[in-house]
Amino acid sequence: MTELLYLKDCYLKEFDSNVIHNNGSFVVLDMTAFYPNGGGQPSDKGTLNGIKVVNVKKSENGVMHFLKEPINEKKVHGIIDWNYRFKLMRMHTAQHVLSSIVLDNYDAETVGNQIDFENSRIDFFPFKPSPEDLKFITEEFNKTINKDLHVKKYFTTRQEVLSTINEKRRNLFGRVPETVKDIRIVEIENFDKCPCGGTHVDNLKEIGHINILKTENKGQNKTRFTFKLL
């Protein structure tokens, strides 16, 4: 298996690792800072020994790093495309802030999301926002960002975290399989707490303000928000 370095340090830009499997088109490493595609967040970009990493996926045997050309070395030095990674970190944490505001004020849950470099989207249910709602949500988001709240990432037990969250957030943790005993938490101080394996900033001040570009009716009382960061 591959040790996931980004779970402990989202700001790690370079790392050294050993190749434990190599089939020519991809390599599996004993440890990696590359985030693999999943949870609505794209995989990281970057290089291994100067060779471009074009995709990263999880497998039963570890994290597969797909390469533009074969690599022969047993030891590799990985470099994360930091401009790309940091934008996704900002976007993903922004999604948590937006989801929390909609959940707390409208009792609407996030039922889907896709983080991307330019624009990201979130699906809310049940929710049919008015123009006044969108104005309120935008203002609340930007006010929250201006508070410079810290963002913590840590592991804890299911029992411990369920004892510290309100009823609205219990459904979020119910989506985590019962077989997972230690859950990774992303906690925005005095604001939100939810399970997440993605990469995030350390402080909301790093995100910037939001612009909700459009909303779409996706049927059955579900609304899709598309947003960018300013």
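The values are calculated or read from the model by the stated rules, or taken from the named source; none is laboratory data. None of the values given here were measured: they were computed from a predicted structure. With ideal geometry, Cβ positions are generated from the backbone for all residues, glycine too; neighbour counts draw on all protein chains shown. Heads up: the accessible areas ignore ligands, DNA and RNA and are worked out on the full protein's heavy atoms, side chains in. Shrake-Rupley method; radii C 1.70, N 1.55, O 1.52, S 1.80 Å.
Some points to look at:
- Placed amide H near LYS218: partners under 5 Å, 5+ positions off or other chain: THR223, ARG224
- Sequentially through the range 180-190, phi angles give Karplus couplings (6.51, -1.76, 1.60; θ = phi - 60°) of 7, 8, 9, 9, 7, 10, 10, 10, 8, 3, 6 Hz, Gly and Pro residues having no value and appearing as x.
- Per atom type, the range 187-230 shows carbon and sulfur on 38% of its accessible surface, probed at 1.4 Å.
- The chain - percent relative contact order, Cα under 8 Å, separation 6 or more: 19
- Leading residue at positive end of dipole, the range 124-205 (Cβ point charges), from PHE127, ASN190, THR157: THR157
- Greater than 30 Å apart at Cα, pairs in LYS74/LYS181; LYS8/LYS147; LYS75/LYS205; LYS8/LYS74; LYS68/LYS214: LYS74/LYS181; LYS75/LYS205; LYS68/LYS214
- Carbon and sulfur %, accessible surface of the range 1-137 computed with the full protein complex present, 1.4 Å: 51
- For the range 93-106, Karplus couplings with θ = phi - 60° (6.51, -1.76, 1.60), whole Hz, Gly/Pro x: 5, 4, 4, 4, 5, 4, 4, 5, 4, 5, 5, 6, 9, 10
- Summarising the amide proton neighbourhood of LEU149: residues at separation of 5 or more, or on other chains, whose placed amide H is nearer than 5 Å comprise LEU204, LYS205.
- Surface exposure of the chain, expressed per residue as accessible area with a 1.4 Å probe, stands at 50 Å².
- The trypsin sites (Lys or Arg not before Pro) of the range 44-117 that DSSP puts in a loop, and whose beta carbon has at most 14 other beta carbons within 10 Å, are LYS68, LYS74.
- Applying 0.36 nm per residue to the separation of GLU132 and SER25 and subtracting their alpha-carbon distance, the gain on full extension is 33.4 nm.
- The range 168-184 residues near the modelled THR157 label - backbone nitrogen below 15 Å, point 7 Å along Cα→Cβ: 179-184
- Reducing the range 24-42 and the range 73-133 to their Cα centroids gives an inter-centroid distance of 19 Å.
- Residue-span extension gain [LYS147 to ASN55] - 0.36 nm each, minus C-alpha spacing: 29.5 nm
- Annotation: extensible slack from ASN171 through LYS68 equals 33.0 nm (criterion: 0.36 nm per residue apart, minus Cα-Cα distance).
- Coupling constants for the range 80-88 follow from the phi torsions by the Karplus curve (6.51 cos²θ - 1.76 cosθ + 1.60, θ = phi - 60°), and in residue order they are 7, 5, 5, 4, 5, 4, 5, 5, 5 Hz; glycine and proline get x.
- Theoretical FRET efficiency, 1/(1+(r/R0)^6), r = Cβ-Cβ of THR179 and ASN37, R0 30 Å, to 0.05: 0.85
- Correct option for log10 I(q)/I(0) by the Debye sum over Cα atoms at q = 0.08, 0.09 Å⁻¹ [calculated from the coordinates] among (i) -0.32, -0.40; (ii) -0.36, -0.45; (iii) -0.28, -0.36: (i)
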